[in-house]
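Shown next, in structure tokens, is the structure this report addresses.
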Amino acid sequence: MKADAPEEISKNQSLLDLPDKTPDEARAEHKKRHWKLPKDEEILAAIIVVMERSRTIESQNRLRRLVVEELQKNDPEYSTTPEKVRLLALRSGHVRVEVKTREDDVGRPAKCPVCRTTMERLKNKTLTGTTVTIEWRCPLCKYWTGKKLRIPRHYTFYAIQPRKSKRRTVLRAFQ
């Protein structure tokens with residue numbers, strides 16, 4: 001056992017004897033390890049391209065991976081988070097999201113866990129005249145929760161087809 005101890009000390013000493021780097025070298029190395037963050041417009045353009053190509057995407061991580069692949073065609077260092085891709089996709093109006101949830105204890109969400117929009121109350125009057133909140137709804141993504149808190153566990157993304165004008169449809173019917 002005593003023979004092993006000096007070897008351990010020498011290993012630790014070799015780890016401590018690393019050459020010091022100047023602050024500029026440390027900053028340059030730090031920048032090499034990190035990704036560039038694209039602008040929201042670039043991410044949104046990539047989301048639209050990805051959703052046009054594959055109309056349904058089965059998970060948030062897969063959507064993020066496809067969007068990052070599209071972004072890296074312009075700059076190989078671009079990356080983004082799955083949550084940011086989900087939020088931009090929802091707010092763009094080009095994507096519809098289906099959310100599978102699990103129930104948790106009683107709770108009240110201040111913001112929607114799917115799109116971070118302020119939740120709206122759905123109230124009901126009781127026989128005694130007091131109002132009771134029976135449900136919370138999101139006006140943007142249609143997420144809702146009741147007495148038991150519904151927590152998102154899986155997202156499915158669907159491309160929304162651009163709406164055709166009613167006028168064009170009516171004109172085609174008469175031709």
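Quick notes on this one:
- Ranking of 104, 24 by count of other Cβ atoms within 10 Å, fewest first: 24, 104
- Take the Cα of residue 130, step 7 Å toward its Cβ, do the same at residue 77, and the gap between the two points is 6.0 nm.
- Pairs of lysine residues in region 34-161 - Cα separation under 20 Å, sequence separation of 8 or more or cross-chain: 21
- In the distance distribution for region 34-161, Cα-Cα pairs more than 19 Å apart total 53 percent.
Values in this text are rule-based calculations from the coordinates and carry no lab data. Just so we're clear, the structure is a prediction, and the values are computed from it rather than from any experiment. A quick note on method: Cβ atoms are made from the backbone with ideal geometry, for glycine too, and the neighbour counts reach across all protein chains shown.
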